[in-house]
């Protein structure tokens, strides 16, 4: 090769290096979002997640891409979807609920993964400790299952004539169901109420549960907390209204859809925190060094219109302490 040709070749390669580096630096990072449900069941929660990312300096479609993966209420698909996000080489994976969190945990030990769960993530085996999670996982603990006893007591305060309560649980979410039942059983013994526990982990079981409710006519309904159950809030609110049964839920969305009352952590606040953590990781933070955030905002929401329809007079004590009363 002639000397001037060699110099020209080297010059052309060297000239390409900065452009390649610039292209790599300018490529948008990808955030994976994994959920067991369908996007229609998430609704406005994604707005809060995007706001958390924005607070950290990342705007979807501008300087970050979000790759959504929905299992469409088929938990067996979660492993495949998590593996797909790993193949996509996302910078971080955000998950809602234990099934999605464990799918991400099984799929990768290197890509940072974030979770929102209602149970203690240490007891679940997701992290080593709350302060120093270790590994590649951290996230937000909602405490909704731990709040079951408090929510049960609030339901009795709202409907004091209650003697028998139907409790809907998701048998597939073993940890959540166990802690929920522990809470409501303790509360029911203290108050002296009878419980009827019904499985509602899929649409067929929901139909069977409400058929039992129609036949047995309990005085009130307590809907447990799980990723699946929370996603069915519109269906539960409609069925409870149809059967004219006072019902309590973990999340305010059910009350906004026509349910009677809810008490639990703010899921919107948790999703905003999740988005902010995703942004911090994009900025260089390590999941192992980010402590698990614990929900500090708990909401009591009452639908006064539904109470009136059911012939329930809401005690002034509850009206004065409620975070929101839907008139």
In the range 22-46, residue surrounded by the fewest Cβ atoms within 10 Å (Cβ to Cβ) [restricted to those that are farther than 25 Å from residue 106 by Cβ and touching a residue at least 60 places away in the same chain (Cβ under 8 Å)]: 44
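Report yes if residue 275 is touching a strand residue (DSSP E or B) at 6+ places or on another chain (Cβ under 8 Å), assigned by TED's automatic domain parsing to the domain that holds residue 74 and in contact (Cβ under 8 Å) with a residue 40 or more places away in the chain, otherwise no.
For residue 275, the condition - touching a strand residue (DSSP E or B) at 6+ places or on another chain (Cβ under 8 Å), assigned by TED's automatic domain parsing to the domain that holds residue 74 and in contact (Cβ under 8 Å) with a residue 40 or more places away in the chain - is met.
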Counting only residues that are surrounded by 16 or more Cβ atoms within 10 Å (Cβ to Cβ), give me the helices (runs of 4 or more DSSP H) lying completely in the range 263-327 with at least 2 of them. 267-282, 304-309
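Could you count how many residues in the range 57-72 are surrounded by 18 or more Cβ atoms within 10 Å (Cβ to Cβ) and within 21 Å of the chain's Cα centre (by Cα)? Walk me through how you get there before you give the answer.
Keep residues of the range 57-72 that are surrounded by 18 or more Cβ atoms within 10 Å (Cβ to Cβ), which gives 58, 64, 66, 69-71.
Still in the list and also within 21 Å of the chain's Cα centre (by Cα): 66, 69-71.
So the answer is 4.
Could you identify the single residue in 230, 176, 215, 202 that is closer than 21 Å to residue 75 by Cβ and surrounded by fewer than 20 Cβ atoms within 10 Å (Cβ to Cβ)?
Details: 230 fails: surrounded by fewer than 20 Cβ atoms within 10 Å (Cβ to Cβ); 176 fails: surrounded by fewer than 20 Cβ atoms within 10 Å (Cβ to Cβ); 215 fails: closer than 21 Å to residue 75 by Cβ.
Answer to the selection: 202.
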Considering only residues that are within 25 Å of the chain's Cα centre (by Cα), part of a loop (DSSP other than H, G, I, E, B) and over 17 Å from residue 174 (Cα atoms), which ones fall in the range 204-233? 232
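Hey, does the range 246-257 have a residue that's crowded, with 19+ Cβ neighbours inside 10 Å, under 15 Å from the mean Cα position of the chain (by Cα) and at pLDDT 95 or above? Please lay out each step first, then the result.
So the first thing to find is which residues in the range 246-257 are crowded, with 19+ Cβ neighbours inside 10 Å, and the list is 246-255.
The next check asks that each one be under 15 Å from the mean Cα position of the chain (by Cα); those that pass are 249-254.
This time we only want the ones that are at pLDDT 95 or above, so: 249.
Yes, some residue in the range 246-257 is crowded, with 19+ Cβ neighbours inside 10 Å, under 15 Å from the mean Cα position of the chain (by Cα) and at pLDDT 95 or above.
The values are calculated or read from the model by the stated rules, or taken from the named source; none is laboratory data. All of these numbers come straight from a predicted model, not from anything done at the bench. So basically every Cβ, Gly included, is an ideal-geometry build from the backbone, and we count neighbours across all protein chains shown.
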